[in-house]
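Here the structure is laid out as structure tokens; the discussion comes afterwards.
The values are calculated or read from the model by the stated rules, or taken from the named source; none is laboratory data. The structure presented is a predicted model; accordingly, all values stated were derived computationally and were not measured. Positions of Cβ are generated from backbone atoms using ideal geometry, with glycine treated the same way; all protein chains shown enter the neighbour counts. Keep in mind that these areas ignore ligands, DNA and RNA; they rest on the heavy atoms of the full protein, side chains included. Shrake-Rupley method; radii C 1.70, N 1.55, O 1.52, S 1.80 Å.
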Amino acid sequence: MTERLAELSALREQAVRGPSESATEAQHAKGKLTARERIELLLDPGSFTEVEQLRRHRATGFGLEANRPYTDGVVTGWGTVDGRTVFVYAHDFRIFGGALGEAHATKIHKIMDLALAAGAPLVSLNDGAGARIQEGVSALAGYGGIFQRNTRASGVIPQISVMLGPCAGGAAYSPALTDFVFMVRETSQMFITGPDVVGAVTGEEITQNGLGGADVHAGTSGVAHFAYDNEETCLSEVRYLLSMLPSNNRENPPSVPCEDPADRSGEALLGLVPADGNRPYDMREVIEELVDDGDHMEVHERWARNIICTLTRLDGQVVGIVANQPQFLAGVLDIEASEKAARFVQLCDAFNIPIVTLLDVPGFLPGVDQEHGGIIRHGAKLLYAYCNATVPRISLILRKAYGGAYIVMDSQSIGADLTYAWPTNEIAVMGAEGAANVIFRKQIAGADDPEAMRARMVKEYKSELMHPYYAAERGLIDDVIDPAGTREVLISSLAMLRTKHADLPSRKHGNPPQ
């Protein structure tokens with residue numbers, strides 16, 4: 001037994017050490033950590049339990065039979081983050097470039113199955129060169145098993161993909177199926193076809209980062225939710241995100257003690273939002289004034305910037321905030337903003353996170369490109385997401401709320417539990433100027449002074465239909481509130497709704513607009 005234990009210890013040491021010191025040095029020279037170093041940063045110290053450490057491939061041909069390293073290029077297991085169980089797998093680029101083969105895929109399948117069975121989050125640390133070509137279709141089938149498990153776990157356990165190296169071809173579809181994608185600038189890339197193929201087919205010359213780097217996916221494609229400058233910061237932010245997510249869809253998000261008073265007055269809000277609807281402001285400043293200690297984690301911060309989606313806390317309880325951003329495109333809804341908000345609403349609903357919607361929306365973005373791009377179809381995604389959500393939902397109208405965009409942004413008519421408004425609210429079918437031009441077109445055209453007549457009609461329309469209390473008088477909002485008391489109103493309302501229960505009709509699944 002003593003000899004066998006010594007042998008086991010030597011094998012474990014070999015598996016942990018990896019293929020060679022030079023391979024580790026090469027990884028560090030690229031500005032990248034090894035798989036095990038990444039796991040140590042992600043998980044609580046000493047909490048990692050590895051699974052199938054001694055697994056090796058059994059493939060033959062192309063020299064594979066002479067190269068059978070332990071782990072087969074992926075480290076799998078579980079540990080804790082802030083004391084809560086989290087499952088993880090990490091590609092080891094030092095072994096076969098992190099490429100996926102049959103044994104490699106089987107290990108990932110096992111840890112995904114365990115995560116789903118245990119009802120705990122799954123984090124993938126991706127740094128691989130795609131399918132292991134020497135193993136042929138066996139490697140491709142391994143990806144199919146991963147995609148199937150990603151889909152089965154969707155909405156059941158949080159799935160987070162952390163891109164720490166290359167991810168090309170079909171391998172990129174696994175991160176795309178998960179809830180969140182993190183990327184690191186300069187060292188991580190994602191694309192279906194690389195620069196060489198793009199150049200050969202289209203003649204376009206582009207670098208790997210220019211085609212699928214972190215900034216491209218965080219700001220242009222919307223594939224990445226977060227982008228950071230280094231791995232240490234990235235993995236620290238993954239830990240922070242996990243602190244605001246439940247372990248699975250049967251639990252509520254974790255609450256924390258809060259020292260920020262629930263009844264703290266927000267006098268600063270009085271000066272943050274101009275009464276003039278044409279003047280922009282930064283909605284982030286409003287959010288920071290409302291939430292606990294001004295702290296929040298914005299999702300897709302650099303993509304579709306005319307809408308804000310962020311996770312935060314109110315009185316220690318996790319909430320998701322969806323808010324128009326008047327600082328960009330006046331806060332209108334367009335194709336990308338609708339998609340961004342719809343997926344965020346679905347995520348919050350899947351994981352029992354209440355939704356607070358802050359409205360200041362002048363409508364949908366007009367234009368041929370938007371109409372031909374399917375703004376009707378894409379806008380309907382946000383409408384569907386809100387209508388389908390059963391978590392507590394509170395809407396607050398800060399200023400403008402015009403037309404169909406007002407209805408789509410969780411109005412009372414589509415199921416918001418509570419709707420509040422500030423005294424600066426303007427709820428209407430459209431702006432007063434546009435409405436006057438339509439309703440009083442003949443009077444304006446026939447007047448001796450059309451501009452004076454237009455100004456008088458605009459004033460009349462505002463006084464009749466756009467005063468702050470018109471919607472309250474008709475029960476379309478629950479109350480008009482003092483902005484300074486908004487935090488207290490939201491917290492007390494969410495506390496009341498904490499035990500909300502709502503059932504959807506029995507069905508296999510809906511058929512949301514695509």
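Structure summary
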| quantity | calculated |
| --- | --- |
| Flag if residue 17 is within 30 Å of residue 240 (Cα to Cα) and modelled with pLDDT under 90 | yes |
| Residue 4 free of Cβ contacts under 8 Å to residues at least 60 places away in the same chain and either closer than 22 Å to residue 96 by Cβ or in a helix (DSSP H, G or I) (or both) | yes |
| Residues being part of a loop (DSSP other than H, G, I, E, B), loosely packed, with under 15 Cβ neighbours inside 10 Å and not acidic (Asp, Glu) - total across region 477-512 | 14 |
| Number of the condition not met by residue 276 [criteria: (1) modelled with pLDDT under 95; (2) acidic (Asp, Glu); (3) touching a Ser or Thr at 6+ places or on another chain (Cβ under 6 Å)] | (3) |
| Residues of region 442-473 that turn out to be surrounded by 15 or more Cβ atoms within 10 Å (Cβ to Cβ) and either more than 22 Å from residue 421 (Cα to Cα) or small (Gly, Ala, Ser) (or both), as a count | 9 |
| Residues of region 262-307 satisfying the condition of being part of a strand (DSSP E or B) and under 20 Å from residue 426 (Cβ atoms) | 307 |
| Test: residue in region 232-245 that is at pLDDT 95 or above, farther than 19 Å from residue 394 by Cβ, in a loop (DSSP other than H, G, I, E, B) and open to solvent by less than 10 Å² (accessible area, probe 1.4 Å) | yes |
| Qualifying residue in region 280-294 (condition: surrounded by fewer than 16 Cβ atoms within 10 Å (Cβ to Cβ) and within 20 Å of the chain's Cα centre (by Cα)) | yes |
| Options 65, 52: the member that is of a type outside the set (A, V, I, L, M) and surrounded by fewer than 17 Cβ atoms within 10 Å (Cβ to Cβ) | 65 |
| Residue under evaluation residue 25, criteria (1) of a type in the set (Asp, Glu); (2) open to solvent by 20 Å² or more (accessible area, probe 1.4 Å); (3) within 22 Å of residue 138 (Cβ to Cβ), criterion not met | (3) |
| Some residue of region 180-194 being touching a residue at least 12 places away in the same chain (Cβ under 8 Å), among the hydroxyl-bearing types (Ser, Thr, Tyr) and surrounded by 16 or more Cβ atoms within 10 Å (Cβ to Cβ) | yes |
| Output for region 459-476, where each listed residue is over 18 Å from residue 399 (Cβ atoms) and part of a loop (DSSP other than H, G, I, E, B) | 474, 475 |
| Within region 320-433, helices (runs of 4 or more DSSP H) holding 2 or more residues that are open to solvent by less than 30 Å² (accessible area, probe 1.4 Å) and either among the β-branched types (Val, Ile, Thr) or within 26 Å of residue 481 (Cβ to Cβ) (or both) | 335-350, 375-388, 403-408 |
| Subset tally (residues that are open to solvent by 30 Å² or more (accessible area, probe 1.4 Å), among the aliphatic types (A, V, I, L, M) and in contact (Cβ under 8 Å) with a residue 40 or more places away in the chain) for region 206-231 | 1 |
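Residue-by-condition table, conditions (1) open to solvent by 70 Å² or more (accessible area, probe 1.4 Å); (2) under 22 Å from residue 105 (Cα atoms):
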residue: 30; (1), (2): yes, no
residue: 44; (1), (2): no, no
residue: 59; (1), (2): no, yes
residue: 71; (1), (2): no, yes
